[in-house]
Amino acid sequence: MTTHDDVAYRVRERVLDMGATPNGAHIGGSLSCADILTVLYRDVLRVRPEQPEWPDRDRFVLSKGHASAALYAVLAEFGFLPEEELATYGAYGSRLAGHPLRRLPGVEFPTGSLGHGLSLAAGAALAARRTGGRARAFALLGDGELQEGSVWEAAMFAGHQGLANLVAIVDRNGLQITGSTEECVGLEPLADRWRSFGWSVIQVDGHDPEALREHLTALPAERGRPTVLLARTVKGKGVPMFEDKKKSHSVQLTRRLHKRALFGLRKVTV
Ligand SMILES: [Mg+2]
């Protein structure tokens, strides 16, 4: 059986390949959420690649839409699209745009304009509850994204509604495009803030597949409340030259850098 490490390694490798396409990719934030996405698609989400519009499927929303390279790599890994299509990333006319498009199987909503994904997921969760469906909704947010006021509007709504079938995962890598989140607009005390909006809060190592799996397969964490996982991660995780560096946010890898990044990835994770 394919292990988590095998899958996450291939996802990171493909992220680097997409970073070497002419327009580059958001490498740092894609690498930081690679383990989270792998656990979600491998162990948690009830989805059917061969029937992507199955009505009772779980809805996954990549609210940090700029991390599309990681999402595409995972969708290819789990059979939503052919692996060869990854080579079209960012090209004119490709289904694999810099930010996700609805026309790609497995993408529920177009995202990338930050701050909207949690509202979309909350709507999907409420719709499932009202229609008696089994679907759950998951949204993956960046931590810099939490500075958008609309995130907290959605958090307030979900807490008020008691949407136990809604899960937010925060990729808490501590960095955003311009630097540290705490220097830009501080988020702490983050757990207390989510709790005050009526959410159940779990703090977890976002690179520990066992811990992620344990929490994400025991949902909701509390009856009648939405759950948020604050997942501690490292931006650029897996590639030493990018780890914890804000310069990894958006990169176009030259051939030489691509080779160097792949070499570093092998040294760290194999
Ligand atoms: Mg961040």
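The values are calculated or read from the model by the stated rules, or taken from the named source; none is laboratory data. All values derive from a computational prediction rather than experimental measurement. Heads up, the Cβs are rebuilt from the backbone with ideal geometry, glycines too, and the neighbour counts pull from every protein chain shown.
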**Failed criterion for PHE157 (all others in (1) surrounded by fewer than 23 Cβ atoms within 10 Å (Cβ to Cβ); (2) within 25 Å of SER30 (Cβ to Cβ) hold)** = (2)
**Prompt:** Which of (1) within 16 Å of the ligand (Cβ to nearest atom); (2) closer than 17 Å to PRO55 by Cβ is the odd one out, the single condition ASP143 does not satisfy?
**Reply:** (2)
**Asked** How many residues are assigned to a loop (DSSP other than H, G, I, E, B), touching a residue at least 24 places away in the same chain (Cβ under 8 Å), of a type outside the set (Val, Ile, Thr) and within 18 Å of ASP35 (Cβ to Cβ) when one looks only at the stretch 220-243?
**Response** 6
**Asked** Out of all the residues in the stretch 215-233, which are within 17 Å of ASP171 (Cα to Cα) and surrounded by fewer than 19 Cβ atoms within 10 Å (Cβ to Cβ)?
**Response** ARG232
**Restricting the stretch 46-71 to residues that are in a strand (DSSP E or B) and more than 16 Å from the ligand (Cβ to nearest atom), the residue that is surrounded by the fewest Cβ atoms within 10 Å (Cβ to Cβ)** = ARG59
**Request:** Taking the residues in the stretch 170-193 that are assigned to a strand (DSSP E or B) and under 14 Å from GLU148 (Cβ atoms) as candidates, determine which candidate is farthest from the ligand (Cβ to nearest atom).
**Result:** VAL170
**Message:** For the structure I just gave you, tell me whether GLY112 is buried (at least 19 other Cβ atoms within 10 Å of the Cβ), within 16 Å of the ligand (Cβ to nearest atom) and modelled with pLDDT under 95.
**Reply:** yes
**Request:** Return the only residue of ARG12, ARG42 being in a helix (DSSP H, G or I), crowded, with 22+ Cβ neighbours inside 10 Å and of a type outside the set (A, V, I, L, M).
**Result:** ARG12
**Prompt:** Mind checking which residues of the stretch 98-107 are surrounded by fewer than 21 Cβ atoms within 10 Å (Cβ to Cβ) and touching a residue at least 12 places away in the same chain (Cβ under 8 Å)?
**Reply:** GLY98, HIS99, LEU104, PRO105
**Asked** Residues ALA135, ALA87, ALA91, ALA127: which one is of a type outside the set (Asp, Glu) and buried (at least 16 other Cβ atoms within 10 Å of the Cβ)?
**Response** ALA135
**Prompt:** What are the residues in the stretch 204-219 that are over 21 Å from ALA67 (Cβ atoms) and in contact with a strand residue (DSSP E or B) (Cβ under 9 Å, 6 or more places away or on another chain), if any?
**Reply:** GLU214, LEU219
**Asked** Which residues, counting only those in the stretch 190-207, are exposed (fewer than 15 other Cβ atoms within 10 Å of the Cβ) and without any contact (Cβ under 8 Å) to a residue 24 or more places away in the chain?
**Response** ASP192, SER196
**Asked** Yes or no: ALA122 of a type in the set (Gly, Ala, Ser) and over 20 Å from VAL151 (Cβ atoms)?
**Response** no
